[in-house]
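S.K.: Below is the structure I would like to discuss, written out as structure tokens.
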Amino acid sequence: MERWVGKVAIVTGASSGLGAAIAEALVKQGLIVAGFARRKERVEELAKKLEGAKGKLHAVKVDITKENEIIDGFEWVKKNLGPVHVLINNAGVARTTSLIDGETQKWKDILDTNVLGLSIATREAVKDMRANNVDGHIIHINSIVGHRVINYPGVNAYPASKHAVTALAETLRHEFIHNKLKIKITSLSPGHVDTEFQKAAGMKVDPNTSFSKIKGSNPEDIANGVLYVLGTPPHVQVQELTIAGIDEPY
């Protein structure tokens, strides 16, 4: 991790859950982190907690579903922090509905965040890395449902959005090779993680099902996975990393 000390990382969805844990881990490793989030005040609270750490956290108000805000966020980082070396595409949402008679806006929320927002942020990061001749690293926080669809009521378009992330990561890798870029791309796929994610999505777990008994991972486990991936030598690329609790059946 030493080569990243003092370098700039952007973490999207940094206000809670995985994003907050990843931002904290990077700051403790000495990176200068821009935490993109709609709830800027929560990132500011985390920044105060991390005062005195090896690195520093900056809160930047960005709604990842709005292209102009993503572009403005990258421009702020460019002017105030410097070239981007690491992008963690963590922002993601789920919405409880169905495909049979689902609500269109909920589908749009999922795709605008998990697919289009991720793609726009990636484009802006690559643009900055190329302009500054940076051999950076991009990590898409994916999901196990980006590889196989589990039988869980109400997931609707969410698995499709994460399958898209899997394809986007691999397509980006091909583009990097074609353009002779040394930027790394990793898809990191957690299983069940104990965060606010399900509550925010309106998902209610039936206490009588096996899902309610799964412990899964915690946000710090996923943050440690990010550190592992970033810590690999320049000639090594972890293309896919899956992290799940030992009792997860899917």
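S.K.: Just one of the numbered conditions (1) closer than 16 Å to residue 137 by Cβ; (2) surrounded by 22 or more Cβ atoms within 10 Å (Cβ to Cβ); (3) out of contact with any Phe, Trp or Tyr (no Cβ under 6 Å at 6 or more places or on another chain) is not true of residue 21; which one?
M.R.: Condition (1) is where residue 21 drops out.
S.K.: Hey, another quick one. Which condition number in (1) in contact (Cβ under 8 Å) with a residue 40 or more places away in the chain; (2) closer than 21 Å to residue 86 by Cα is the one that residue 167 fails?
M.R.: It is condition (1) that residue 167 fails.
S.K.: Pull up the stretch 24-50, narrow it to residues that are assigned to a strand (DSSP E or B) and in contact with a strand residue (DSSP E or B) (Cβ under 6 Å, 6 or more places away or on another chain), then point me to the one that is surrounded by the fewest Cβ atoms within 10 Å (Cβ to Cβ).
M.R.: The extreme case among them is 32.
S.K.: Condition (residue is of a type in the set (Ser, Thr, Tyr) and in a loop (DSSP other than H, G, I, E, B)) applied to the stretch 185-199: is it met by at least one residue?
M.R.: Yes; the residues of the stretch 185-199 include at least one that is of a type in the set (Ser, Thr, Tyr) and in a loop (DSSP other than H, G, I, E, B).
S.K.: Please go through the stretch 88-98 and pick out each residue that is of a type in the set (Val, Ile, Thr) and in a strand (DSSP E or B).
M.R.: 88
S.K.: Can you tell me which residue within the stretch 98-120, out of those that are among the aliphatic types (A, V, I, L, M) and surrounded by fewer than 13 Cβ atoms within 10 Å (Cβ to Cβ), is nearest to residue 185 (Cα to Cα)?
M.R.: 99
S.K.: Next question. For the stretch 177-194: of the residues being within 14 Å of the chain's Cα centre (by Cα) and modelled with pLDDT of 95 or more, which is surrounded by the fewest Cβ atoms within 10 Å (Cβ to Cβ)?
M.R.: Among residues in the stretch 177-194 that are within 14 Å of the chain's Cα centre (by Cα) and modelled with pLDDT of 95 or more, the one surrounded by the fewest Cβ atoms within 10 Å (Cβ to Cβ) is 190.
S.K.: Moving on to the next point. If we keep just the residues of the stretch 10-23 that are of a type outside the set (A, V, I, L, M) and in a helix (DSSP H, G or I), which is farthest from residue 225 (Cα to Cα)?
M.R.: Going through the qualifying residues, I end up with 17.
S.K.: Could you grab me the full set of residues in the stretch 209-250 that are surrounded by 14 or more Cβ atoms within 10 Å (Cβ to Cβ), part of a loop (DSSP other than H, G, I, E, B) and modelled with pLDDT under 95?
M.R.: 214, 216, 218, 244, 245, 248, 250, listed by residue number.
S.K.: Give all pairs with beta carbons closer than 6 Å in which a residue from the stretch 61-79 that is part of a helix (DSSP H, G or I) meets a residue that is among the aromatic types (Phe, Trp, Tyr); count only pairs at least 6 apart in sequence or on separate chains.
M.R.: 73/36
S.K.: Regarding residue 123, is this residue touching a strand residue (DSSP E or B) at 6+ places or on another chain (Cβ under 6 Å), under 24 Å from residue 22 (Cα atoms) and surrounded by fewer than 24 Cβ atoms within 10 Å (Cβ to Cβ)?
M.R.: Here the answer is no, as residue 123 does not meet what is asked.
S.K.: Take the residues of the stretch 150-170 that are in a loop (DSSP other than H, G, I, E, B) and at pLDDT 95 or above: which is surrounded by the fewest Cβ atoms within 10 Å (Cβ to Cβ)?
M.R.: So, considering only residues that are in a loop (DSSP other than H, G, I, E, B) and at pLDDT 95 or above, the one surrounded by the fewest Cβ atoms within 10 Å (Cβ to Cβ) is 156.
S.K.: Related question: Using the structure shown, decide if residue 85 is closer than 21 Å to residue 34 by Cα, touching a His at 6+ places or on another chain (Cβ under 9 Å) and outside any helix (DSSP H, G or I).
M.R.: yes
The values are calculated or read from the model by the stated rules, or taken from the named source; none is laboratory data. None of the values given here were measured: they were computed from a predicted structure. Every residue, glycine among them, receives a Cβ derived from its backbone with ideal geometry; neighbour counts consider all protein chains shown.
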